[in-house]
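Following: one structure in structure tokens, then a few remarks.
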Amino acid sequence: MPELIFPLDSTKKFTDQRYLGHNRWHPEVPAAVHVKPGDSFRMHCREWFDGAIVNDDSADDILNAPLDTVHVLSGPVAVEGAQPGDLLVVDILDVGPIPQEDSGPLAGQGWGYTGIFAKEHGGGFLTDQFPDAYKVIWDFTGGVATSRHVPGVSFVGIVHPGLMGTAPSADLLARWNSREAALIATDPNRVPPLALPPEPSSAILGSLPDSEYARVAAEAARTAPPRENGGNQDIKNFTKGSRVFYPVFVDGANLSMGDLHFSQGDGEITFCGAIEMGGFIDLRVDLIKGGMETYGVSENAIFMPGTTDPQFSEWLAFSGTSVTLDGEQRYLDSHLSYQRACLHAIDYLTTFGWSPEQAYMILGAAPIEGRLSGVVDIPNSCSTVYLPTSIFDVDIRPSSAGPAKVDPGMGVPRSSF
């Protein structure tokens, strides 16, 4: 096992640990640990709400989730010799739930959760159809996820970090804040909001001196979206065996990570999606000096997917086009066409007995495939969502016998304002 350089004690809050991580992006957040090119090491990661979501049959904790506190990130990790303009090479050697802790109060101790935020708190990909808060608990056994809230479904997890990235430079941070503020200004009262501006309340900034806290907290970017530094990309293929190339914007690169997922469908469409958990990640780092200019990588991470995905041989796929539910034609709107494909899959699954909420949770947590299938045939884009048929206890393929019926059980816990 690689050396554990960022340990977390499951009996303590994230802010009470030996090493203090952070929950905002800023170039002045000090490195928590230091490594050299070629080093392999282990990082512990806490579930993104630091234990605020519990293993029960209520969605009140999702409804009242402390959104200003996320994401709690492990790091930063400074890499010796890294300079702006380099590419940081990150190999994911292993990733999984909290080691040797298969039961307990924290997500990652033998269980995880999928949630849907209420529309007032950001909603999800299908927030107009599912405006309330929902939660599903998943149990992990032998690498397989099952749920008392969504019976009749089981699947092998594609474990991955939802969030990993390098620190922004001061100039890059200023650009983030400027462009996102301009977007918010176009509709400042929108629900859900168009973007999340800096929020000093609940900011965790590592070992930053108290004298600098107020200024940095007022500037530091929220971690919710993906940006040029990688960040919250929620790519389910960042699995064991992946190699990621991150642009370096500050000395040391200051790599951070968190938001581990036991499994996820493409798009993480429920937003508080995937199967959220705490756990560990083993990494190896290296540098390509001057790699940003050499390879034309200035504002994005590139990666080589891992090799541990479960192998599915049969799929049932659903398509959608860029036409709204009330019949309005949109021009090559791939976001809309993927929404429509997901809604078609949800409608289909309800004919077997699952509720719409259960079907939505399946699409968020199970390893579905989402694809842009046509983006040039005006005026309709075509998106598709692929469901692996083997994850279901019943045969979901259409037949003359009609859909087999499942017992939906207690259903998905729901909470609303």
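The values are calculated or read from the model by the stated rules, or taken from the named source; none is laboratory data. Computed from a predicted structure; not experimentally measured. A quick note on method: Cβ atoms are made from the backbone with ideal geometry, for glycine too, and the neighbour counts reach across all protein chains shown. Protein only, heavy atoms only, side chains kept; ligands, DNA and RNA dropped before computing areas. Shrake-Rupley method; radii C 1.70, N 1.55, O 1.52, S 1.80 Å.
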Using only Cα atoms, locate the centre of the stretch 342-417 and the centre of the stretch 27-100, then give the distance between them in Å, rounded to an integer.
31 Å
For the stretch 1-70, place one equal point scatterer on every Cα, skip the solvent, and apply the Debye formula. What is log10 of I(q)/I(0) at q = 0.18, 0.20, 0.29 Å⁻¹?
-0.85, -0.98, -1.38
Within the chain, percent of DSSP bridges classed antiparallel, to nearest 5
90 percent
Among 45, 35, 22, flag the residue with its Cα farthest along the positive direction of the charge dipole of the stretch 20-100, charges on Cβ as +1 for Lys/Arg and -1 for Asp/Glu.
35
Quantify, in whole percent, the carbon and sulfur part of the accessible surface of the stretch 166-295 (1.4 Å probe; protein heavy atoms only).
54 percent
Between the stretch 270-297 and the stretch 111-169, how many Å separate their Cα centres?
20 Å
Point-charge dipole on Cβ atoms (K/R +1, D/E -1) for the chain, about Cα centre, debye to 20
260 debye
Counting only the heavy atoms of the protein chains, how much of residue 16 is accessible to a 1.4 Å probe, in Å² to the nearest 10?
90 Å²
Using +1 at the C-beta of Lys and Arg and -1 at the C-beta of Asp and Glu, which of 200, 79, 6 has the Cα lying farthest in the positive direction of the dipole of the chain?
79
Probe 1.4 Å, accessible area per residue of the stretch 256-306, Å²:
34 Å²
Net charge near residue 389 (other residues with Cβ under 13 Å of its Cβ; Lys, Arg +1; Asp, Glu -1) is -3
Isotropically averaged projected area of the stretch 107-222, using the convex hull of Cα atoms (one quarter of hull area), nm²:
10.3 nm²
Along the stretch 288-296, Karplus-curve 3J(HN,Hα) (6.51, -1.76, 1.60; θ = phi - 60°) to the nearest Hz, with x for Gly and Pro, reads 10, 5, x, x, 5, 6, 4, 10, x
Within the set of other residues whose C-beta is less than 12 Å from the C-beta of residue 59, count the net charge using Lys and Arg as +1 and Asp and Glu as -1.
-4
In deg cm²/dmol, rounded to the nearest 500, the helical mean residue ellipticity at 222 nm of the chain, built from -39500 (n - 2.57) for every DSSP H run of length 4 or more, is -4500 deg cm²/dmol
Under 13 Å, Cβ to Cβ, from residue 148 - net charge with Lys/Arg +1 and Asp/Glu -1
-3
